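Heads up, the thing below is written out as structure tokens.
Please treat every number below as a calculation from the coordinates, not as lab data. Predicted model only: the values in this text are computed from it and were never measured. In this analysis, Cβ positions are derived from the backbone assuming ideal geometry, glycine residues included, and neighbour counts consider all displayed protein chains.
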Amino acid sequence: MSKGIHLDDYHKEVRRWLLSNIQWLKSVEYYPESSGAIETPRAFFAVSGWQPDDHQPGNGQLSLTLHCEILIAFSVKYSTHQLDVRNAAMALSIEVDNNNFDISGVKPARVISASPDALHPELDDYAVWSVQFVQPATVGVSEFEPEEYRAAIRLAVDPVNIEDATEYKPLETLNAPAG
């Protein structure tokens, strides 16, 4: 069983991974909330939605497929800005596909599309492409974390006084090999 992720932690870890591994990016932010000029090339990352998976763990956690998007913005001051942003989207697609961003509780991402973006008017002054991917993840905390329960389970073999807590030993000490 794995500990599920929290959405804040997922955003933070994907951002950290992008900044550490995509050397040409000057900045990675969460969805475009900037106003005014931005330093490029810049990426904006967001989880844009999710859907439950067909198979659920049945332990209080939820298995989801996260729908994610990375926008890549390039300055239009260079004559090659359209080619540059397309090449960047292709390079980013290669890096993202089959990657779990070093996060436990998520499975490898699958790129589903990359295309020019015109849906964010705050980025109209830039050449922007969107790389979209899905990533299976488990969220929440298991009701059956083995470490918690094993530490809580205490057992007594032939106790003299069933009310005496000292006669009960942690389960792992009773299962330990004699020696």
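Between the amide H of ILE5 and those of THR138, VAL139, GLY140, distances stay under 5 Å, these residues lying 5 or more places away or on another chain, with hydrogens modeled in the peptide plane.
Expressed to the nearest 5 percent, the antiparallel share of DSSP beta bridges inside segment 11-78 is 70 percent. Spin-label pair SER115-HIS67: with each label point 7 Å from Cα along the Cα-Cβ axis, the two points sit 1.3 nm from one another. Taking segment 79-116 and a reference point 7 angstrom along Cα→Cβ of SER20, the backbone N atoms nearer than 14 Å belong to 100-104. For a label point 7 Å from the Cα of ALA37 along Cα→C-beta, name the residues of segment 70-106 whose backbone N is under 13 Å from it. So the set is 75-77. Amide hydrogen proximity for TRP50: with H placed 1.01 Å from N in the peptide plane, the residues at 5 or more positions away or on another chain lying under 5 Å are HIS67.
A full extension of the chain between ASP8 and LYS107 corresponds to an added length of 33.9 nm, given 0.36 nm per residue minus the alpha carbon distance. Under 24 Å of direct C-alpha separation, and excluding same-chain neighbours fewer than eight residues apart, LYS107 reaches these lysines: LYS3, LYS12. GluC sites (Glu not before Pro) within segment 11-118: which are DSSP loop residues with at most 11 other Cβ atoms inside 10 Å? Taking segment 11-118 and a limit of 11 other Cβ atoms within 10 Å, the loop GluC sites (Glu not before Pro) found are GLU33, GLU39.
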